[in-house]
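Trainee: Pasting a structure here, questions to come.
The values are calculated or read from the model by the stated rules, or taken from the named source; none is laboratory data. This one's a predicted model, so the numbers in the text were calculated from it and none came from an experiment. Cβ coordinates were reconstructed from backbone atoms using ideal geometry, including for glycine residues, and neighbour counts include every protein chain displayed.
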Amino acid sequence: MKGSEFAEDIETVKTWFGDFTVSFSKSNSNSNGNFQIISYDLCPKNISDLCERFINLKPSTLDFQFLNQNAGTFPVNLRDIAISSGFVSDEKEYLSLLNAVSVNSVNFKISKSLTEDKNIIQAIEALDDVNESLNLLSERLKEWFGVYAPDSDLLGEEFAEFAVLKTSSVAKGNTESESTESKFLSILDADFPISSAAPLSYTEANLIGSFASDICNLYKRRSDLESYIYSKMKSVAPTLSSVAGESLGARLISMAGSLKRLSNLPSSTVQVMGADKSLFKHKRSRAPSPKHGIIFNHNAVGNSPPQIRGKMAKILSSHISLAARIDYYSGVFNPEIYESMNSKFQNVIDNYRKEKSDKKIR
Amino acid sequence: MDFNKNSGGFRQVLPGIYSSNRASKYSLFTKSANPNVSVYGENIFCSENFEYRLWDPKRSKLGALLQKRAKISFFANTKVLYLGAASGTTVSHISDILADENNVCEKTSTDVAKNPDIVTNPGVVTNSDVLTNSGVAKNSGVVYAVEFSERPARDLVNLASVRKNIIPILSDASAPSKYSFFVEPVDVIFQDISQPNQAEIAIKNATYFLKDGGKLILSIKSRSISSVENPKKIYRQEIKKLEAGNEHINFVINNTYDLAPFHIDHMGVVATLNKKK
Ligand SMILES: C[S@@+](CC[C@H](N)C(=O)[O-])C[C@H]1O[C@@H](n2cnc3c(N)ncnc32)[C@H](O)[C@@H]1O
């Protein structure tokens, strides 16, 4: 008779080769509890399905080890269950399958993280290239098309879009009428109340228009790259992203060469990374040592009063090092780093304010 | 008994562990499960169709423990959970031992203790340090090798791809729930990680995986816990933690070994798991 001292539970236990629905009872006495496999669902026995399962299986609160602890000792373990459920025929097969699956999964994890930080580095460097080109090309466009649209105060992407729009009306006008008169068309309209603009010929309109549309495309590429970096950083270096921001984080990885190298750098190096010029100055002459390199771009450093920038940079760089280490070694997001950094920032700011107000009182 | 079998100057002194006069008097070897390959630059000696790999105690805590006459035996069916596998230096020797066809599946302590030849060799098998066994199938031994750093894990996974009795695990040993869906109950946990919370990690993993009466072999590095405190005090602290355990289990300490001169500031602990009832 099942007494009331046993509370029966039915749960699913997930193993690398299948799901097992088990009933078990927690014994509150010292005797062993009860445990029984009710039904099970085995994973197809091929390496690729097993690997996929292996990689994606989330750690669960309930596993056979848990049952072993809590419901008493059972004469069962994974290997026996695999054989008794018919998943494998013997121990040898069990081990060789598990070996193949674990080797594949570890290889997958390693190669994934290997290529992913390389992808981030390529993307951030591509972003720099694109930005540089955009500056050059936009300047050229401004100078060139500016002659025909001197009153536009648009900039960058908007100016390029504007140029595409305006020139296309000229170019279109020509293809429609094919007349020589329409070769010269003023682009004067409601957008252009002031008439100091030079008339735009069809040839130039075509040329400037496609030039401007290339620039527009480049702007689109830029935002593609930015969102790519953003999402990759979140998955490859989530803790670093929380501490430094995705873009600065990616830049630091790129300067260090890899996430692994960044994680091995002392935080004093991280603090001055990208401050090459001032670092050489410091070494050559007796100029003060640089307090911050590229991490100056972080709000907490760049937007702080100069008196506390050094301290802020130090806190930031030490947390960047910590975060990079956590991301490289564990790969799991750890929110505590960001929190501890912020509370330290707050301390420095509070102290600074206090000192300042003390001075004022005196 | 296979134990005294003398094969080309190599004599089995413990299951799967050999001594020989071919190198230094105290050198220990394992029979290579993957001939023609030197895993970490160790010397290889050939004898009668077999290769024996020299076990460098300076590169391996387990190798040092054996030199210190720790009575540790792995059988052909022993299941090992190895925490802090690094690139697999020690794991490769355990893999050799488990795969050795001269190795036995049963406890042979009395046979060995009776044999005076073996007593003179490093490592005497007595009841206290012999790993318990239940199964009898040959070649069913396995070493689950946990390492959380990618660089060494790359070597480890290469090793595992040619040695089928190694299951590589890229994971943090302080989160056993991440690998509990494929690791089975084990006879022995070997732990060599330099972490301040190494005792907690050992207790946690033992709660999950170590069979009742199973062995823990732990290398404690005094400097990784605290660099200022006296090593002796740290060892005592860590041993206290093991003896206290948690609500499910605790350990009975069998032996401790100072691993000097092979490893300075390291202590080897052999302990037996006790399930709290
Ligand atoms: C001293 S080495 C081990 C050498 C190895 N036992 C041998 O003899 O070949 C320590 C290893 O433990 C790893 N380790 C440290 N903490 C760890 C953790 N929490 N989880 C998994 N591995 C860890 C380190 O990455 C390092 O590779």
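Trainee: Among the residues of the stretch B:15-34, is there at least one that is among the basic types (Lys, Arg), within 14 Å of the ligand (Cβ to nearest atom) and surrounded by 19 or more Cβ atoms within 10 Å (Cβ to Cβ)?
Mentor: The answer is no; no qualifying residue exists.
Trainee: Let me ask something else. Could you check how many residues of the stretch A:8-51 are out of contact with any strand residue (DSSP E or B) (no Cβ under 8 Å at 6 or more places or on another chain), modelled with pLDDT of 85 or more and surrounded by fewer than 15 Cβ atoms within 10 Å (Cβ to Cβ)?
Mentor: 6
Trainee: Going through the stretch B:206-231 one residue at a time, which ones are under 24 Å from B:Lys68 (Cβ atoms) and within 14 Å of chain A (Cβ to nearest Cβ)?
Mentor: Result: B:Ala206, B:Leu210, B:Gly213, B:Gly214.
Trainee: Restricting the search to the stretch A:310-362, which residues are part of a loop (DSSP other than H, G, I, E, B) and within 22 Å of the chain's Cα centre (by Cα)?
Mentor: A:Ser330, A:Gly331, A:Val332, A:Phe333, A:Asn334
Trainee: Could you run through the stretch B:47-91 and say how many residues are in contact with a helix residue (DSSP H, G or I) (Cβ under 8 Å, 6 or more places away or on another chain) and part of a strand (DSSP E or B)?
Mentor: So the answer is 6.
Trainee: Further question on the same structure: Can you tell me which condition A:Gly86 does not meet? The list is (1) surrounded by 19 or more Cβ atoms within 10 Å (Cβ to Cβ); (2) at positive phi, and all the others hold.
Mentor: (1)
Trainee: Just the residues that are touching an Asp or Glu at 6+ places or on another chain (Cβ under 9 Å) and modelled with pLDDT of 95 or more, please, taken from the stretch B:232-248.
Mentor: Passing the criteria: only B:Lys241.
Trainee: Shifting gears a bit: Output yes when any residue across the stretch A:109-127 is within 11 Å of another protein chain (Cβ to nearest Cβ), farther than 30 Å from A:Ile208 by Cβ, more than 34 Å from the chain's Cα centre (by Cα) and among the hydroxyl-bearing types (Ser, Thr, Tyr), and no when none is.
Mentor: no
Trainee: In this structure, does A:Glu132 turn out to be under 14 Å from A:Arg222 (Cβ atoms) and either touching a strand residue (DSSP E or B) at 6+ places or on another chain (Cβ under 6 Å) or in contact (Cβ under 8 Å) with a residue 40 or more places away in the chain (or both)?
Mentor: Against the criterion (under 14 Å from A:Arg222 (Cβ atoms) and either touching a strand residue (DSSP E or B) at 6+ places or on another chain (Cβ under 6 Å) or in contact (Cβ under 8 Å) with a residue 40 or more places away in the chain (or both)), A:Glu132 does not qualify.
Trainee: Pull up the stretch A:316-332, narrow it to residues that are away from chain B (no Cβ under 14 Å) and surrounded by fewer than 21 Cβ atoms within 10 Å (Cβ to Cβ), then point me to the one that is nearest to the ligand (Cβ to nearest atom). Talk me through it step by step, then tell me what you get.
Mentor: Narrowing the stretch A:316-332 to residues away from chain B (no Cβ under 14 Å): A:316-323.
Narrowing the set further to residues that are surrounded by fewer than 21 Cβ atoms within 10 Å (Cβ to Cβ) leaves A:318, A:322.
Working: A:Ser318: 21, A:Leu322: 16 Å.
This residue is A:Leu322.
Trainee: Could you list, in sequence order, all residues of the stretch B:138-171 that are closer than 17 Å to A:Lys92 by Cα, at pLDDT below 95 and within 7 Å of chain A (Cβ to nearest Cβ)?
Mentor: B:Asn139, B:Ser140, B:Ser161, B:Lys164
Trainee: May I ask you to list the residues in the stretch B:42-64 that are more than 13 Å from the ligand (Cβ to nearest atom), under 20 Å from the mean Cα position of the chain (by Cα) and hydroxyl-bearing (Ser, Thr, Tyr)?
Mentor: The answer is B:Tyr52, and nothing else.
Trainee: Within the set of pairs 6+ apart or on separate chains, which have a first residue in the stretch B:85-101 that is within 13 Å of B:Gly41 (Cα to Cα), a second that is near the ligand (Cβ under 8 Å from one of its atoms) and part of a helix (DSSP H, G or I), and C-beta atoms under 6 Å apart?
Mentor: What qualifies is B:Ser87/B:Pro152; B:Thr90/B:Leu62.
Trainee: In the stretch B:86-100, which residues are more than 6 Å from the ligand (Cβ to nearest atom) and either within 14 Å of another protein chain (Cβ to nearest Cβ) or β-branched (Val, Ile, Thr) (or both)?
Mentor: Selection gives B:Ser87, B:Gly88, B:Val91, B:Ile94, B:Ser95, B:Ile97, B:Leu98, B:Ala99.
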